[in-house]
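The values are calculated or read from the model by the stated rules, or taken from the named source; none is laboratory data. Keep in mind it's a predicted model, so treat the numbers as computed, not measured. Counting neighbours? That spans all protein chains shown, and the Cβs are built from the backbone with ideal geometry, glycine included. For the accessible areas, the whole protein counts, side chains as well, though only heavy atoms, and no ligand, DNA or RNA atoms are used. Shrake-Rupley method; radii C 1.70, N 1.55, O 1.52, S 1.80 Å.
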Amino acid sequence: MSFLTVLPIWQAVQERFHTMVKALPEQNLSLQIGSASIGSLIRHNAEVEYMFADWFFGRKIPEEMKEAMTQGAEGDHTSFTRITELVDLLTASNAHLTEAMRDLPEEAWHHSVESSFGASTPLEAIGRLMYHTGIHAGQISLIQKNAGSQ
């Protein structure tokens, strides 16, 4: 299993998620159930892609992204309400991770790497990211269906 095998699967998941995000009405970004807003889930997805690129593929988080990831109080969703900014962030995180995957040597895909989430190979990490994206896509759909009724 290598980059060329993983890439089409990764791109299929990303394309579906990005298409869903781009179709969201901007006013829906502030909808939330509990502490999770649609905008914060989208931003979180991009942040996790940056983190996994760093942890499992050795591609450092860009300084401007590190700063953005540490700003704002938890639960403050005011910065997650512009669809163009969130789409740009998703596009950038996807490109960053894809380049990290492309640069990973073939033999490294199956070597376990320690992270704060425990040990995973880069291949397992990509599987986790795909699952993670799917979970949040479902949460976004759930919020859109139910937030107005609460």
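With a cut-off of 9 Å between beta carbons, the residues surrounding Ile83 carry a summed charge of 0, where Lys and Arg count +1 and Asp and Glu -1. Computed from the alpha carbon atoms alone, the convex hull of the chain holds 105 Å³ per residue. Surface composition of the chain: carbon and sulfur atoms hold 54% of the protein heavy-atom accessible area at a 1.4 Å probe. Relative to the longest principal axis of the Cα atoms of the chain, the long axis of helix 3-22 makes an angle of roughly 10 degrees. The modelled label-to-label distance between Leu4 and Glu106, using points 7 Å beyond Cα along the C-beta direction, is 0.8 nm.
The 3J(HN,Hα) values that the Karplus relation (6.51, -1.76, 1.60; θ = phi - 60°) gives for the range 33-45 are, in residue order, 10, x, 9, 9, 9, 4, x, 5, 5, 5, 4, 4, 4 Hz. Gly and Pro appear as x. Accessible area per residue for the chain, computed on protein heavy atoms with a 1.4 Å probe, is 54 Å².
Taking GluC sites (Glu not before Pro) in DSSP loop states with no more than 11 other Cβ atoms inside 10 Å as exposed sites, the chain has its longest site-free stretch at 1-73.
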